[in-house]
Every structure is written in C-alpha cells, then in structure tokens.
1. Looking at (1) surrounded by fewer than 16 Cβ atoms within 10 Å (Cβ to Cβ); (2) within 21 Å of the chain's Cα centre (by Cα), which is the only condition residue 121 fails?
2. Which residues, counting only those in segment 133-146, are within 21 Å of the chain's Cα centre (by Cα) and in a loop (DSSP other than H, G, I, E, B)?
3. Let me spell it out: the conditions are (1) surrounded by fewer than 20 Cβ atoms within 10 Å (Cβ to Cβ); (2) in contact with a helix residue (DSSP H, G or I) (Cβ under 9 Å, 6 or more places away or on another chain); (3) over 24 Å from residue 200 (Cα atoms), and residue 97 meets all of them except one. Which number is the exception?
4. Looking at (1) in a helix (DSSP H, G or I); (2) more than 30 Å from residue 101 (Cα to Cα); (3) at pLDDT 85 or above, which is the only condition residue 318 fails?
5. Considering only residues that are in contact with a helix residue (DSSP H, G or I) (Cβ under 9 Å, 6 or more places away or on another chain), part of a helix (DSSP H, G or I) and surrounded by fewer than 18 Cβ atoms within 10 Å (Cβ to Cβ), look in segment 292-313 and name the one that is modelled with the lowest pLDDT.
6. For segment 204-284, which fully contained helices (runs of 4 or more DSSP H) count at least 3 residues that are crowded, with 18+ Cβ neighbours inside 10 Å, touching a helix residue (DSSP H, G or I) at 6+ places or on another chain (Cβ under 8 Å) and modelled with pLDDT of 95 or more?
7. How many residues does segment 166-187 hold that are in contact with a helix residue (DSSP H, G or I) (Cβ under 8 Å, 6 or more places away or on another chain) and under 22 Å from residue 243 (Cα atoms)?
C-alpha cells in the first residue's frame, strides 16, 4: 500500500506496511495477534518489522482520530484487555423471605457483576434478607411485575439484564447457560424454556395458557417460541429500544412479542423449573390470579396484533 491507506489518506509510520484487510475475522501468523470483530469490521496493519496496529473501524468520520493514533504506533488494548459485557440480574419479589437469600447466594459472581432485588412492598423482611445476601434492594411501592422489572432496569447500567424469579423456582446456577448465546453473539434474547417441570411447580392450566400464547406468537410473528418464562436475558439497549409499557403480568409476553416483531434473534435454552421454596405463588398458585394473568396476556397479544401496543398509541408511555 506504499505506506498509505488510500481510502483514508493516512500515512503509516512504517514505509513498507501491508494492509491485511477489513474482515469479520482474520487470524495472523503470530498467535498473539488475533482480531475478533465486535463491530464486524476491524483494521489490521502489519509493518515490515512485525510490529502491528489494530483499531476498530465503524462508519463515520468521528472515529478517524482514534485510527490516526493507532496507526502512529500508540498502544492499543489487546483482545484480552477488552472488558467483557457487564451482566446484571433483576429479581422482582413480594414476600419471598424464605427463598430470596438462597437465590441471591446461588448467583455466580464470576459472571454477574450486579444483583438487584426489586421489592414490591413485602411485609416479611424480604428486603433485609436479600440485602444481607449481597443484593442491592430497590423498593417499588407501585404493584406489578412489569413495574418491578422496569425499576430494576432503570437502576442498572449493565450491558445485559437477566430476569428471574425470587421464589427458588428458577435455578440461578443456570445463568451461564442463559447468557452464553448473547455473549457469543448468537442471540439477542434468550428464554429459559421450562423443559423439565418439577411436580407441583406449575399447574396444568398455567402450562396450557403458556402453550397457547407461545403458539400464537409463533404463528403470528414467525418466531419459534414454546414458553413465556420468568427466566430470560436481553441486552439492556435492546430492551430499552423495545419501548416496554406493560406494568403487570403482560411484561414477559410484551418483551417476546416486541422482540419478535423487531426481528431480534430469539433463542430458547431448556431448563428445569422447580417447586418454590415456601410462600405462595402470586400467579400460578392462585386460580383467580392466573385468570387475570391470562386476560393480560391475551390483551397484550391482541393489542400487538392490531398494532395498538406501541409507545404513543392510546397514551402509552415507556417504563424504561
């Protein structure tokens, strides 16, 4: 390239440089020089003296100064020095003192950098138990599963958010499997599909409702979905972009429906769903609550099928 990169017009400090290319992935002779794309394009220049420069290249002239600095031979962080995406776990709770301590303690800290427990006004000391176990507790006086999830997201700046229940039915040790497809760039949303259900953990009417709603999503929006689980993961920026508005039972189905509509990549990971550790389920263990949840789910599906579930329609505002 005669010491220049023609399309940038930037002289390289070495007179005999060679432009290896702009590719998704390129392995070079020296095993220490490995480039894996984050923005799908990466520039690698090797000089005649085997020194190298690497920088991320994205569209727009605002990146040119960093490219110039890199090409001048200034130190660029190696792949091993680039911080991995941060992961936060959000756990909505209401009177889960018997279980929340075990749940928080079982979360793998090697992957998760922050644990947020959103307490919807518990009267059994749930907040204190969660705090003593190492979680940051957010008090959300407004009732509703969706509001609790949204409060957790608002109070975190992590790159990836994982939601799970605080009653022990979701196994926190499954977190590495749930978040792995996102970390590998294979999925945008991961659902912990309840493939194995412990006896007594989920009534048949709740299972049937989940299956019907999942089938409707698959048929209407062309995304294969088999469950509407509490255990799920998504990039925070993608979640914010969805414009979530459901404050109660419809939060999960709204997330899945909007992700399907926006063609985000959904992946289901089979997990085991366990019997709760004490307390009473606010939904599946109560027929009246389950009926209310079913109505909310069908309402969300209907709104989106008719195009009425977005922010700004009928005065709907985003929660995050």
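The values are calculated or read from the model by the stated rules, or taken from the named source; none is laboratory data. Just so we're clear, the structure is a prediction, and the values are computed from it rather than from any experiment. Here Cβ is always computed from backbone atoms with ideal geometry, including for glycine, and neighbour counts include all displayed protein chains.
1. (2)
2. 135, 144
3. Condition (3) is where residue 97 drops out.
4. (1)
5. 305
6. Details: elements: 204-221, 236-242, 251-261.
In segment 204-284, 236-242 are the helices (runs of 4 or more DSSP H) which contain 3 or more residues that are crowded, with 18+ Cβ neighbours inside 10 Å, touching a helix residue (DSSP H, G or I) at 6+ places or on another chain (Cβ under 8 Å) and modelled with pLDDT of 95 or more.
7. 1
Yes or no, residue by residue, for (1) within 20 Å of the chain's Cα centre (by Cα); (2) outside any helix (DSSP H, G or I); (3) in contact (Cβ under 8 Å) with a residue 40 or more places away in the chain:
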residue: 131; (1), (2), (3): no, no, no
residue: 148; (1), (2), (3): yes, no, yes
residue: 153; (1), (2), (3): yes, no, yes
residue: 158; (1), (2), (3): yes, yes, yes
residue: 162; (1), (2), (3): yes, yes, yes
residue: 168; (1), (2), (3): no, yes, yes
residue: 177; (1), (2), (3): yes, no, yes
residue: 187; (1), (2), (3): yes, yes, yes
residue: 193; (1), (2), (3): yes, yes, yes
